[in-house]
Structures are given as C-alpha cells and as structure tokens.
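Have a look at the structure below before the remarks.
The values are calculated or read from the model by the stated rules, or taken from the named source; none is laboratory data. Since the structure is predicted, the reported quantities are computational estimates derived from the model, not experimental observations. Cβ atoms come from the backbone with ideal geometry, glycine included; neighbour counts cover every protein chain shown. For accessibility, only protein heavy atoms count, side chains too; no ligands or nucleic acids. Shrake-Rupley method; radii C 1.70, N 1.55, O 1.52, S 1.80 Å.
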Amino acid sequence: MSDKTINCPLCGKAIYRYAQVCPYCKGETKFRSIDEEGSEDSEYSEDSEYSEDSEYSEYSENSENSEYSENSENSEKHSHLSEYLHQLKEDTAKVKQEYNEKIGRKYSKSTIAIGSVIVVLSLIVLGFFIAVQLMNRQTFFYDNSIDRSVKLEIDSVANEVFQRQANIVAKFPDRKRHCLYYLKEGKLYVYDASDKSDRALDLMAMNPKAIVDESGSGVLNAYLSPNEKYIIIIASRMSGNKECGLYRLETESRELEFLDKGRVAPEKGGYEVSGTGHTAMYDASGEKISGMSSTEMEQLAPKPEPTQTIRREKTEKKPEERRPVQESVTEHITPSVDLAPKPVVPKVPEKITIQPVNTQNP
C-alpha cells in the first residue's frame, strides 16, 4: 500500500486516501479531504513565516511570503486534485473490470446451460424423427435382411408376371417373407421364393367372415400399406359390385382380417366404407379413424330374447281355443234326435168307484 492509498474502514479494500465515499462498498469513509488538509498546511505555513520574518521589514516580507504561500498552496491543491482524479479513474476502472468479470461469468454459465438444453432437445427430436421413419418404412431392418439371390429371383418373376398383364402389389426380398404379391383376373396371387410356389389366395378359406364373388369380379384392388406390414384388399361380395368387403392381410403371418363391408371408396390416404345405416373411415394401414363399422352395427342391433318368443307363440295359439266361436257354430246345427226331457203321465186305473159324500149332520 502506497502513501496515496489507505484501507477503507468499512470493507477493508485499498482506496484513495482522500476519497469521501468508498467506490467498492459505497460507504462513507470520513477521511480528510484535500481542502481540509490544504487549509491546515496553509495555516501552519503562515504561522511559521510570520515568526521567521518578524525580524525583517513588515511590508516587504509579508508581501513576499503571501505570494509564495499562495503559489505553493495552489500548486499543492493542483497536485492533490490531479492525484485524486487519477486515483478515482483507477478505482472506477477496477470496479468496472470486476463488474464485467462477474457479468461475464454469469453470462457464460447461462449461455452454456441454455446451449446444452438446446442440444439435448434437438437430439431427442432427431432421435424421435428417425425412430418414426424406421417404424413406418422399416427400411433399416428390411435392407439388412435382404438376400441378393432372393431379390434377383423375385425381380425376374415380377417381370414375367408383368408381361402377363398382372398388377404387382408388393415385393418382399427379405429372408422373413421372401415373396411376391400380384393381382390378376380378380384373384390375389403370392409367389413364395423359398419353395418356388405360385398360388392364388383363398380369402374365404382364410377367414370365415370373408365372402368373395369369385364367379364375378372377385378381388378388385389390393394396396400395400405405408409401413409395409399389411396389404389392404377390396373384394366384391355380390354380383354387380354393389357390396364389397374390406380386408387386411398381414404380410408376415399371412393372416386375413375382416375390416368392414359396404361400398368401398379409396380416398386420399385411406378408405371410406358406407353401408346400410353405417359409414366408417379407415387410414392407409387399415386402422379405423372414425364412424361405425358393420361389425359394430351388428353388435348394437337388438336381439330377440327367448322369453319374448314363447309369449308370442302363446298369443298366436289363443285364437284357436276360443269357445265363443264353437258355441256359435253349435247354435246353427239341429240335432237329429230330440234330447229334451218329456213329462211323466200317471197310469189310469181300470175301475173307478165313486163314494157318495154324506151331507147330513151326524
């Protein structure tokens, strides 16, 4: 610590010796100012000069001493003021530097925290997006499980089938399914590359609820779902294609699921099925979006209870057992034999004796 600085009585930091307010703690130091110290020095110098110059002439010596004291006082004030300003600048620079360092540390910490949070959230969103794409397309699993020889074989069969005016529905060159689905003449065919078999799928044998008008249009259309897990089938149920069935074929297990029946209209990104009293909407994967299916309508339809049928049978038999109808018929029929009871006539005796009546008094 130099002669120009002194410790603050409040915070203990080194500050300028004439500072009235500490630049660090903003507290009042109660130090002597430059003016107070200059006045004390001037009084001391005047007293000493007066005592020393008493031997000389009063007027000349006093004038010279006054000029000298004024010049020395001004020079000291200027020097003290310049020192004070210089020290004040240094203290202000120190305070600014400390403040900037504190703000910089806080800003850097907050920036690092915000940046790390943004990075973590972006990684989570990116991972979720990749997972959704893999679940929808399943390209990662299928590409890794593709057998090149199976792929070449399925491609060659697909070219042959296409030349025979068939519509290719789906190709699966992976090791799990290794098959080709195509539509031709109202039937859905599957070619299995494992045993080189080519056969038409019998939908009615695969699911008892499936009804296909094989003598008519049969299978009208078949579409592969976006996730490549299902084949959506639209098949005619009766002649004229007035009513169709909507089915979903699982490509791995080859299980057929009945979805709905009615008039099926492929819409953008889904299928609309409208029937008697119901309308339902399905997405491209066969999941119901809205409405009510025919199966749900059948479940909600009222079913006759056994007690009600018994009561109806009883009420139907009652008119046959009505007695008034039989009585009215017997009234018009005349019996052939008279069944009415006859009065009993007493027998007449053969001889009748009449006795005279005695009219006299005894």
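For a paramagnetic label modelled on Ser149 (point 7 Å from Cα along Cα→Cβ), amide N atoms under 12 Å away belong, within the stretch 187-203, to 194.
So if we plug the beta-carbon distance of Lys4 and Glu98 into 1/(1 + (r/R0)^6) with R0 = 25 Å, what FRET efficiency do we get, rounded to 0.05? For Lys4 and Glu98, the calculated efficiency is 0.75.
So how do 87-93, 213-219 stack up, highest first, on mean other-Cβ count within 10 Å?
On the way: 87-93: 14.1, 213-219: 16.7.
So the peptides 87-93, 213-219, ranked by packing, come out 213-219, 87-93.
Calculated FRET efficiency, Val120 to Lys176, Cβ-Cβ distance, R0 = 25 Å: about 0.10 to the nearest 0.05.
Please give the peptides 146-156, 124-134, 228-238 ranked by average Cβ packing (other Cβ atoms within 10 Å per residue), highest first, as a rough proxy for protection.
On the way: 146-156: 13.6, 124-134: 10.5, 228-238: 21.1.
The densest-packed peptide leads the list: 228-238, 146-156, 124-134.
Consider a paramagnetic label point 7 Å from the Cα of Ser274 along Cα→Cβ; state which residues of the stretch 210-254 have an amide N under 18 Å from it. The answer is 241-246, whose backbone nitrogens lie closer than 18 Å to the label point. Would you tell me the accessible area of Ser82, worked out with a 1.4 angstrom probe on the heavy atoms of the protein chains, in Å² to the nearest 10? Roll a 1.4 Å probe over it and Ser82 shows about 60 Å². If R0 equals 35 Å, the separation of the Cβ atoms of Phe162 and Met297 corresponds to a calculated FRET efficiency of about 0.30. Applying a threshold of 24 Å to the alpha-carbon distances of Lys196/Lys288; Lys13/Lys89; Lys26/Lys102; Lys4/Lys26 flags Lys196/Lys288 as lying beyond it. The distance between label points at Met204 and Glu250 comes to 2.5 nm (points 7 Å beyond Cα on the Cα→Cβ vector).
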